[in-house]
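The values are calculated or read from the model by the stated rules, or taken from the named source; none is laboratory data. Please read these numbers as outputs of a predicted model, since none were measured by experiment. All Cβ positions, glycine included, derive from the backbone under ideal geometry; neighbour counts span all protein chains shown.
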Amino acid sequence: MGQFGSGLEALKFYAGKMTHRFRPDAVGTQCCCCERKSVSRVQMFCWRALVNPRFAFTRTDALMLLAGRVGMTLQHTVVDFATIHGFCESCASNVKRNRLISVVVKSISFFLLLVCMLFFVIAGGAAIMFWSDPKGRHECLIGFSIGAIGLIASVFGHIWERNLRIPIFARAIGRKPFF
């Protein structure tokens, strides 16, 4: 795998490079977002990657099974790092506002996902059961369509939430890590 023995080593190397590149003394005098105004606030972004996530049945899970709880443990290696960025006052407030809006959008999207999944499955099953009755089939297919449209809206909500949560200038950290 080239100069790295594993993907984990590559991620740790990447984390070290990004931590060095966006360190506190490397913050410039211009806002990193608009690149027009001078820096008035410095913010830290924490990045975390879960490497090799897998489910495992541990001793604790076995003891909990005796107590009546069925579950498994998610085992993974965490690679995290922090980057420091300088913002002007207006960009800092925009980033903060977008992050707050992203929490609301994520909550609504998840609720929509759950409700529309329920509509989708129940109305789809009912449409199959009432296929011989045209009126019942029509109503069930309307519910099925509402569920499908809601699921699509939920997916777009999750995409929008991610775009709100990660500022435009910081998206390049994941897309072009070594530029």
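Is it the case that Ser145 is hydroxyl-bearing (Ser, Thr, Tyr), surrounded by 16 or more Cβ atoms within 10 Å (Cβ to Cβ), modelled with pLDDT of 85 or more and in a helix (DSSP H, G or I)? Answer is no for this residue. Residue count for segment 22-33 satisfying the condition of being of a type outside the set (A, V, I, L, M), over 24 Å from the mean Cα position of the chain (by Cα) and either more than 16 Å from Cys91 (Cβ to Cβ) or modelled with pLDDT under 85 (or both): 4.
Annotation: Arg69 fulfils all but one of (1) among the charged types (D, E, K, R); (2) crowded, with 17+ Cβ neighbours inside 10 Å; (3) not in a helix (DSSP H, G or I); the unmet one is (2). One residue alone among Phe87, Phe57, Phe4 is under 24 Å from Ile168 (Cα atoms), among the aromatic types (Phe, Trp, Tyr) and surrounded by 11 or more Cβ atoms within 10 Å (Cβ to Cβ), and that residue is Phe87. Inspection of segment 94-110 identifies at least one residue that is crowded, with 16+ Cβ neighbours inside 10 Å, more than 16 Å from the chain's Cα centre (by Cα) and at pLDDT 85 or above. Within the bounds of segment 13-20, is there any residue that is free of Cβ contacts under 8 Å to residues at least 12 places away in the same chain, in a helix (DSSP H, G or I) and among the hydrophobic types (A, V, I, L, M, F, W, C)? Looking through segment 13-20, at least one residue is free of Cβ contacts under 8 Å to residues at least 12 places away in the same chain, in a helix (DSSP H, G or I) and among the hydrophobic types (A, V, I, L, M, F, W, C).
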